[in-house]
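A.B. asks: Below is one structure. I have some questions about it.
What follows is calculated from the coordinates using simple rules that are stated; it is not laboratory data. From a predicted model like this one, the values you see are computed outputs, not experimental measurements. No Cβ is skipped: glycine too gets one built from the backbone with ideal geometry, and neighbour counts run over all protein chains shown.
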Amino acid sequence: MAAEEGVTVKKSNFSEWYPQVLIKSGFIDYTDVSGALAFRPSAYATWQAIVEFVDKKFREVGIENVYFPVFIPEKFLKMESDHFSGFVPEVAWVTEAGDSKLGERLAVRPTSETIMYASYSKWVRSWRDLPMRYNQWNNVVRWEFKHPTPFIRNREFLWNEGHTVFATEKEALGERDQVLSIYMKALKDCLALPGILGKKTDKEKFAGAIASYSIEMMMPDGWAIQGPDFHFDGQNFAKAFDIKFLDREGKTDYAWQNTFAISTRVIGIMIATHGDDKGLVLPPKVANIQIVVVPIYKKENQEKVISQARNISKLLSEYRVRLDDREGYSPGHKFNEWELRGVPIRIELGERDIDAKKITVVRRDTGEKTECPETDVKLFVDKLLKDIHDNLYRNAEKFLNESVHRVLTYEEFKITLEKKKGFMHAPWCGNGSCEDKIKEETGAKITNMPFDDQKLTSNKCIYCGKEAKYMANFARSY
């Protein structure tokens, strides 16, 4: 591979490295619609792996799939005022069909609460109809921002929308940990990503929700980014859309609702976290190609080497394996290309390997090259794929942990934020005015209040000095 074909900047220059590695690796491509990507096979295979994993877990706990229209009448968006005001700046509208003006503007789905809940109000009649736990996998469009970033902030992206309905507040709240644990497991088991679970502040919660909960992660540039989330909507939407039912005592009550989502943003976080100066580093479970076999031959032994390379590929057929027997490319070119594309394992096979009845195996995450007997290749590869995943997760977890800085004074907060970036883990009084002032003065907002780290390190708020109520993570955020 010619030098100009590979990544030409270091990952330390993250703002240039990130889009370059996505394009040059053949993972995605830009289209003529700003902020709307073309997912090439490797990218879409990653998303499919996430969908299959999460969807299976959803079905195991009783969440069913449905599908609703991409077009939403304007009157529906206006039915919940907080929700409407939160999404209007992002909405793309359809106003004409052919040469005819539409009688009512149609929003191109920014999220589906309103179109779904209009139907829910017809479907829910009795406590016997509940719980109603529906989910849809779809695309949404949000158009408010000026500078799209692939996966991180797109005008069109893919996600799941869980929209569930319960008879009681207790049942609705009980779903939170179940769903968030599925998302955490998907991040860890598929993408080798850790995250910080916690509650959002009222200022940062979802428009129309009572409370929002998120999984927060850290990018290589020291900026935080929100991953999957869960929103307890209480009875807000039920009252707006008249979703009510007869309870067991024959009394009419409004239903209790939740919403939750994981989106293609997590793919961008995965690329940013694991990639290196050579290109992508894909976790094995989401890699479109897990193993590439590269035969190394001369004209006189070409048939012998390629024939054995085919045998090795067939032996490993339970994995996603690719035999690269393309002519006209040197082995070095192929090695560089597959490194750029992030394939977890590369097998190099030459005549000497065949005669010695062994194979040479190179792992993408560390670049380590080892040999194993030909007869042990399946066991060796199986263990290596697991080792690669575990290593990626350990490194990501180490980075995340090292990105959390415990600070006790506002001066320390500001100095650490500038020097180290990352999360500032600090005591907070719970007052929105302090939250606003800190964001105004430093650019850092509260990402969430971690579930597992609420022991106060100080009794005083980092900003106002009054009694602290929570430990909050502050960060500059995407």
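A.B. asks: Any idea what the relative contact order of region 404-475 is, in percent, if you count C-alpha pairs under 8 Å spaced at least 6 apart?
C.D. replies: 40 percent
A.B. asks: Under 5 Å between amide hydrogens, which residues at least 5 positions from ASP229 or on another chain qualify, with H placed 1.01 Å from N in the peptide plane?
C.D. replies: Here ALA261 satisfy the definition.
A.B. asks: Want the number for LYS383 to ASP189: 0.36 nm per residue separation, take away the alpha-carbon distance, what's left?
C.D. replies: Stretched fully, the LYS383-ASP189 segment lengthens by 68.3 nm.
A.B. asks: What do you get for the angle between helix 377-402 and the principal long axis of the chain? Use alpha-carbon atoms, 0 to 90 degrees, nearest ten.
C.D. replies: With rounding to tens, the tilt is 50 degrees.
A.B. asks: With r defined as the distance between the Cβ atoms of SER12 and GLU412 and R0 fixed at 30 Å, what FRET efficiency is calculated, to the nearest 0.05?
C.D. replies: 0.70
A.B. asks: Which entries in the list LYS24/LYS278; LYS122/LYS170; LYS285/LYS378; LYS200/LYS445; LYS56/LYS185 go over 19 Å, if you measure between the two C-alpha atoms of each?
C.D. replies: Violating the 19 Å Cα-Cα cut-off are LYS122/LYS170.
A.B. asks: For the modelled label position 7 Å from the Cα of LYS357 along Cα-to-Cβ, which residues of region 283-321 have backbone nitrogen atoms closer than 20 Å?
C.D. replies: Label zone hits: 304-316.
A.B. asks: On to the next question. If amide hydrogens are placed 1.01 Å from N in the peptide plane, which non-local residues have theirs closer than 5 Å to the one on SER477?
C.D. replies: ALA224, LYS445
A.B. asks: Provide the gained length on full extension for the span ILE306 to PHE71, in nm with one decimal, where the gain is 0.36 nm per separating residue minus the Cα-Cα distance.
C.D. replies: So the extension gain works out to 79.3 nm.
A.B. asks: Residue-wise, which Karplus ³J(HN,Hα) couplings in Hz belong to region 404-412, taking 6.51 cos²θ - 1.76 cosθ + 1.60, θ = phi - 60°, and x for glycine or proline?
C.D. replies: Coupling constants for region 404-412: 9, 10, 7, 10, 10, 10, 5, 5, 5 Hz.
A.B. asks: Just to confirm the number: angle between the C-alpha axis of helix 302-315 and the first principal axis of the chain, 0 to 90 degrees, nearest 10?
C.D. replies: Once rounded, the angle reads 40 degrees.
A.B. asks: To the nearest 0.05, what FRET efficiency results for THR95 and LEU456 with a Förster distance of 60 Å applied to their C-beta separation?
C.D. replies: 0.65
A.B. asks: Could you compute the net charge surrounding GLU318? Neighbours are other residues with a C-beta less than 11 Å from the C-beta of GLU318; K and R count +1, D and E count -1.
C.D. replies: +2
A.B. asks: If you don't mind, another one. Starting from the 7 Å offset along Cα-to-Cβ, what nm value, one decimal, do you get for the label separation of ARG326 and ARG105?
C.D. replies: 4.8 nm
A.B. asks: Out of the GluC sites (Glu not before Pro) in region 107-215, which ones are loop residues according to DSSP with at most 15 other C-beta atoms within 10 Å?
C.D. replies: Here the sparse-neighbourhood loop sites are GLU144.
A.B. asks: Here's another thing I want to ask about it. So what's the convex hull volume per residue for the Cα atoms of region 3-274, in Å³?
C.D. replies: 140 Å³
A.B. asks: A follow-up question, please. Round to the nearest 10 and give me the degree value, 0 to 90, for the angle of helix 169-191's Cα axis relative to the longest principal axis of the chain.
C.D. replies: Value to nearest ten degrees: 20.
A.B. asks: Based on alpha-carbon centroids, what's the gap between region 291-341 and region 245-279 in Å, whole number please?
C.D. replies: So the two Cα centres are separated by 41 Å.
A.B. asks: Give the calculated FRET efficiency between VAL88 and SER433 to the nearest 0.05, with a Förster radius of 30 Å applied to their Cβ-Cβ distance.
C.D. replies: Rounded to the nearest 0.05, the efficiency is 0.70.
A.B. asks: Can I ask one more? Please report, largest first and rounded to whole Å, the three semi-axes of the ellipsoid equivalent to region 289-386, where each semi-axis is the square root of five times an eigenvalue of the C-alpha gyration tensor.
C.D. replies: 19, 16, 12
A.B. asks: Counting only C-alpha contacts under 8 Å and six or more residues apart, can you give the relative contact order of region 233-323 as a whole percent?
C.D. replies: Dividing the mean separation by the residue count of region 233-323 yields 19 percent.
A.B. asks: Taking amide H positions as placed 1.01 Å from N in the peptide plane, with prolines and chain starts having none, which residues 5 or more places from GLY234, or on another chain, fall under 5 Å of its amide H?
C.D. replies: Here the answer is ILE210, GLN257, since their amide H atoms fall under 5 Å of that of GLY234.
A.B. asks: In addition: What net charge do the residues around ALA468 carry, taking every other residue with its C-beta under 12 Å from that of ALA468, with Lys and Arg at +1 and Asp and Glu at -1?
C.D. replies: +3
A.B. asks: Here's another thing I want to ask about it. I need to check one value: relative contact order of the chain, counting alpha carbon pairs closer than 8 Å and at least 6 residues apart, in percent.
C.D. replies: Relative contact order here is 15 percent.
A.B. asks: Please give, to one decimal in nm, the separation of the simple spin-label points placed at HIS333 and GLU169, each 7 Å out from Cα toward the Cβ.
C.D. replies: Going by the 7 Å Cα→Cβ label model, 6.8 nm.
A.B. asks: Here is a further query. Restricting to DSSP loop positions (anything but H, G, I, E, B) with no more than 16 other Cβ atoms inside 10 Å of their own Cβ, which GluC sites (Glu not before Pro) remain in region 280-325?
C.D. replies: Loop-located and lightly packed - GLU318.
A.B. asks: Here is a follow-up. Extension gain GLU204-SER119, at 0.36 nm per residue separation less the Cα-Cα distance, in nm?
C.D. replies: Difference between extended and current length: 27.8 nm.
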